[in-house]
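Okay, structure first, notes after.
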Amino acid sequence: MAAQDEFLEYAQVFGKHWYGTPRKWLDEARRAGRDLVLEIDVQGARQVKEKLPQSVAIFIVPPSREILEQRLRARGQDSDEAIARRLERARQEMASSADYDFLVVNDDLERAGNEVRSIVIAARSRRADNEERLRKILETFGGS
């Protein structure tokens, strides 16, 4: 699939598994007039921004390293080695936060969710994305 350019983005994560977003998901969302929200790592986000500069990138961070470690341990799914690897990866990815359009600190789930929704709503209102709609409205006023 990668050789046929069927992925919007793809990357190898933790040196083990390959993950990707099929391009058809974006095409389907566009046809349906929906937003496509991707939960991807910094490698994937970089690829999406290169292909779709108008896309909106939101960097979601935990309030601290300690809280991230507590959350990972509370899940009870990873070994100490896996948790250490995830924490190191998080540290490395924090350096990429400057490449994102927005930052949301996930210290309160409800507030963080509201911030993400607000960003999506604001992005839908960008003038550049509403040129055709505005043109039609201006026509009703006798202008173009």
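For the stretch 94-110, name all the residues that are exposed (fewer than 12 other Cβ atoms within 10 Å of the Cβ) and modelled with pLDDT of 95 or more.
Asp108, Leu109, Glu110
Within the stretch 77-87, track down each residue that is of a type in the set (A, V, I, L, M, F, W, C) and either within 22 Å of the chain's Cα centre (by Cα) or outside any helix (DSSP H, G or I) (or both).
Leu87
In the list Ala128, Ala122, Ala90, which residue meets the criterion of being touching a residue at least 24 places away in the same chain (Cβ under 8 Å), part of a helix (DSSP H, G or I), more than 28 Å from Lys16 (Cβ to Cβ) and out of contact with any Phe, Trp or Tyr (no Cβ under 7 Å at 6 or more places or on another chain)?
Ala128
Within the stretch 43-66, count every residue that is free of Cβ contacts under 8 Å to residues at least 24 places away in the same chain, within 15 Å of Met94 (Cα to Cα) and part of a helix (DSSP H, G or I).
The qualifying residues number 1.
Examine the stretch 73-93 for a residue that is surrounded by 11 or more Cβ atoms within 10 Å (Cβ to Cβ), in contact with a strand residue (DSSP E or B) (Cβ under 8 Å, 6 or more places away or on another chain) and not assigned by TED's automatic domain parsing to the domain that holds His17, and state whether such a residue exists.
no
Just one of (1) closer than 17 Å to Val13 by Cβ; (2) among the β-branched types (Val, Ile, Thr); (3) in a strand (DSSP E or B) trips up Val104, so point out which.
Status for Val104: all satisfied but (1).
Can you go through Ala57, Ala74 and tell me which one is in contact with a Lys or Arg (Cβ under 8 Å, 6 or more places away or on another chain) and either under 30 Å from Arg124 (Cα atoms) or not β-branched (Val, Ile, Thr) (or both)?
Only one candidate qualifies: Ala57.
What residue, among those in the stretch 12-42 that are touching a residue at least 12 places away in the same chain (Cβ under 8 Å) and aromatic (Phe, Trp, Tyr), is surrounded by the fewest Cβ atoms within 10 Å (Cβ to Cβ)?
Per the stated criteria, the residue is Phe14.
Just to be sure, is Ala74 at pLDDT 95 or above, farther than 26 Å from Lys49 by Cβ and in a helix (DSSP H, G or I)?
Answer is yes for this residue.
The values are calculated or read from the model by the stated rules, or taken from the named source; none is laboratory data. Here the structure is a predicted model, which is why all the values come from computation and not from measurement. Every residue, glycine as well, gets a Cβ built from its backbone with ideal geometry; the counts of neighbours run over all protein chains shown.
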